[in-house]
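Before any comments, here is the structure.
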Amino acid sequence: MEQPLNNDRMMKEQVLLGMSGGTDSSVAAMLLQEAGYEVVGVTFRFYEAEGGEAHLDDARQLAARLGIRHCVRDVRDEFRRRIVRYFTDEYLAACTPVPCTLCNNLLKWPLLAQMADELGIPYIATGHYVRKVCREGKFYLAPAADPDKDQSFFLWGLKQDILRRMLLPMGDLTKAEARAYAARRGFERVAEKKDSLGVCFCPGDYRAFLRRELPASALPGRGQFLDEKGDFLGWHEGYPFYTVGQRRGLGIHLNRAVYVKEIRRERNEVVLAPLASLYRTRMLLKDWNLVDEARVTGGAEVIVKIRYRKQANRCRVSAADGGLLRVDLLEPLEAIASGQAAAFYDAEGVLLGGGIIV
């Protein structure tokens with residue numbers, strides 16, 4: 001298991017904590033400090049709707065009250081280039097993006113490690129609800145004590161150089177316990193903060209976001225809804241506004257339930273079908289990361305999830321041509337969309353890695 005936070009050997013060592021100004025990272029700061037660490041807080045400016053800076057003030061005030069050093073790093077340009085642009089590009093490519101996964105694996109945690117290196121700080125931490133375990137000399141992430149808050153699904157891309165430095169004080173707490181702890185410490189405002197929901201830069205309808213973010217010339221006009229036989233069913237607003245598995249918001253009324261089965265980008269066509277037609281037993285992954293490749297691709301049965309807090313399906317994983325991973329599902333799974341993330345777990349719930357669905 002991860003070394004306990006109050007281990008004497010670690011006393012008074014420094015940890016760089018990502019502070020968003022929310023409940024979770026604020027409680028993490030208290031727990032780390034209480035455990036004896038010298039906490040240095042950093043708030044990254046990733047995306048701020050309408051120039052809002054309340055989170056910066058909240059983080060600064062908490063740091064001042066706890067007597068810890070705090071700094072701010074502006075990475076909004078990089079966030080827009082690497083995450084927001086990726087988000088819009090994926091919809092234009094007829095894929096379903098996973099911005100929170102990419103942000104955590106390629107931006108948030110690597111930036112935290114980079115800044116810790118610059119400051120000579122050995123450990124890094126956040127308010128993520130996830131735990132860490134060590135097996136045969138390798139570090140893995142494991143689900144948090146609170147299954148409703150567990151965030152392991154988003155972190156499959158982190159490698160050993162990051163994992164070994166991570167301290168995860170929130171992994172053994174439920175959200176209710178975290179709020180109660182803050183209240184007991186006299187931080188009532190922290191305890192009562194609302195949870196952030198959805199994608200930070202696109203909390204509402206992504207279609208409205210695409211229209212605001214992209215020039216009209218980048219978006220196709222209306223196209224045809226077709227059935228599986230190729231027969232015309234009606235008109236749609238343009239293929240980027242639909243995702244595989246979608247049922248609601250299609251803007252078409254038939255006498256049966258239909259779902260998006262396929263998106264044909266080149267012809268601006270969207271194929272609708274009954275749910276039974278959306279089940280598959282195989283998928284391929286690109287951009288994958290596995291803690292122990294032999295353990296996952298050696299023929300043993302593992303668990304795969306393609307949606308946060310939803311399906312958990314048994315599968316077997318093997319190497320495929322072109323550097324891809326082939327995932328053979330032991331139970332059919334519906335609505336597998338290109339661009340989505342797939343995360344692998346063992347029978348005990350330990351995160352083994354994951355990849356992006358081709």
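The values are calculated or read from the model by the stated rules, or taken from the named source; none is laboratory data. All values derive from a computational prediction rather than experimental measurement. Here the Cβ is made from the backbone with ideal geometry for all residues, glycine too, and neighbour counts use every protein chain on show. Heavy atoms of the whole protein, side chains included, go into the accessibility calculation; ligands, DNA and RNA do not. Shrake-Rupley method; radii C 1.70, N 1.55, O 1.52, S 1.80 Å.
Express in whole angstrom the spacing between the alpha-carbon centres of segment 201-269 and segment 101-124.
Centre-to-centre (Cα) distance: 37 Å.
How much length is gained if the chain between Arg307 and Asn289 is pulled fully straight, taking 0.36 nm per residue apart and subtracting their Cα-Cα distance, in nm to one decimal? Provide the component values of the computation, followed by the final result.
Working: separation 18, 0.36 × 18 = 6.48 nm, distance 1.74 nm.
Stretched fully, the Arg307-Asn289 segment lengthens by 4.7 nm.
Which ³J(HN,Hα) values in Hz, rounded to whole numbers, follow from the phi angles of segment 62-74 under the Karplus curve 6.51 cos²θ - 1.76 cosθ + 1.60, where θ = phi - 60° and Gly and Pro get x?
5, 4, 5, 5, 7, x, 10, 5, 9, 9, 10, 10, 8
What does the net charge come to around Arg295 if you take all other residues with beta carbon closer than 14 Å to its beta carbon, with K and R at +1 and D and E at -1?
Spelling it out: positives minus negatives among the neighbours equals -3.
Averaging the inverse of every distinct alpha carbon separation and then flipping it gives the Kirkwood radius. What is it for segment 262-358, in angstrom units? Could you put the intermediate results ahead of the total?
On the way: mean 1/r = 0.0715 Å⁻¹.
Taking every pair of different Cα atoms in segment 262-358, averaging 1/r and inverting gives 14.0 Å.
Could you report the chain's accessible area per residue, 1.4 Å probe, as an integer in Å²?
48 Å²
What's the center-to-center distance, using Cα atoms, between segment 77-94 and segment 171-189 in Å?
35 Å
In nm, to one decimal, how far is the modelled label at Cys134 from the one at Arg184, with both set 7 Å along Cα→Cβ?
2.8 nm
Suppose accessible area is computed on protein heavy atoms with a 1.4 Å probe; arrange Arg76, Arg212 from highest to lowest.
Values: Arg76 90, Arg212 170 Å².
In descending accessible area the options line up as Arg212, Arg76.
Under 17 Å from the 7 Å Cα→Cβ point of Asp321, by amide nitrogen: which residues of segment 344-358?
Hits in segment 344-358 for Asp321 at 17 Å: 358.
Kirkwood Rh and Cα-based Rg: tell me the resulting Rg over Rh for the chain, rounded to two decimals.
1.00
With the chain treated as a Gaussian network of Cα nodes joined by springs under 10 Å, which of Leu250, Leu272, Leu167 yields the largest mean-square fluctuation?
Its mean-square fluctuation being the largest, the pick is Leu250.
In straight Cα distance, which lysines are under 24 Å from Lys193, not counting same-chain residues fewer than 8 positions off?
Lys108, Lys149, Lys175
Can you list residues whose amide H is under 5 Å from Val72's amide H, if they're 5+ apart or on another chain and H is modeled 1.01 Å from N?
Result for Val72 returns Thr43.
Roll a 1.4 Å probe over the protein heavy atoms and report the accessible area of Tyr129 in Å², nearest 10.
Probe radius 1.4 Å; accessible area of Tyr129 about 0 Å².
For segment 263-341, which GluC sites (Glu not before Pro) are in a loop by DSSP, counting at most 11 other Cβ atoms within 10 Å?
Glu266, Glu301
Among Asn255, Pro203, Gly245, whose Cα lies farthest out toward the positive end of the dipole of segment 203-358, if unit charges sit on the beta carbon of Lys, Arg (+1) and Asp, Glu (-1)?
Checking the options against the dipole of segment 203-358, the answer is Asn255.
Could you run the Karplus curve 6.51 cos²θ - 1.76 cosθ + 1.60 with θ = phi - 60° over segment 171-176 and give me ³J(HN,Hα) per residue in whole Hz, x for Gly and Pro?
Once θ is set to phi - 60°, the couplings for segment 171-176 become x, 9, 10, 8, 4, 4 Hz.
First measure r as the distance between the Cβ atoms of Cys71 and Ala273, then evaluate 1/(1 + (r/R0)^6) with R0 = 51 Å and state the FRET efficiency to the nearest 0.05.
Efficiency, from the Cβ-Cβ distance: 0.45.
For segment 30-142, what size does the Cα cloud have along each of its three principal axes, sorted from largest down, in whole Å?
49, 45, 25
Less than 19 Å apart at the alpha-carbon level, and either on another chain or at least 8 residues along: which lysines does that give for Lys286?
Straight-distance partners of Lys286: Lys159, Lys305.
If the reach is capped at under 25 angstrom between alpha carbons, list the lysines near Lys229, excluding any in the same chain fewer than eight residues apart.
Lys261
Ignoring any ligand, DNA or RNA, what whole percent of the accessible area of the chain comes from carbon and sulfur when the probe is 1.4 angstrom?
Here carbon and sulfur together make up 48 percent of the probe-accessible area.
Out of Gly353, His236, Pro169, whose Cα points farthest toward the positive end of the dipole of the chain (charges: +1 Lys, Arg; -1 Asp, Glu; placed on Cβ)?
Going by the Cα projections, it comes out as His236.
How many angstrom lie between the C-alpha centres of segment 292-358 and segment 18-39?
33 Å
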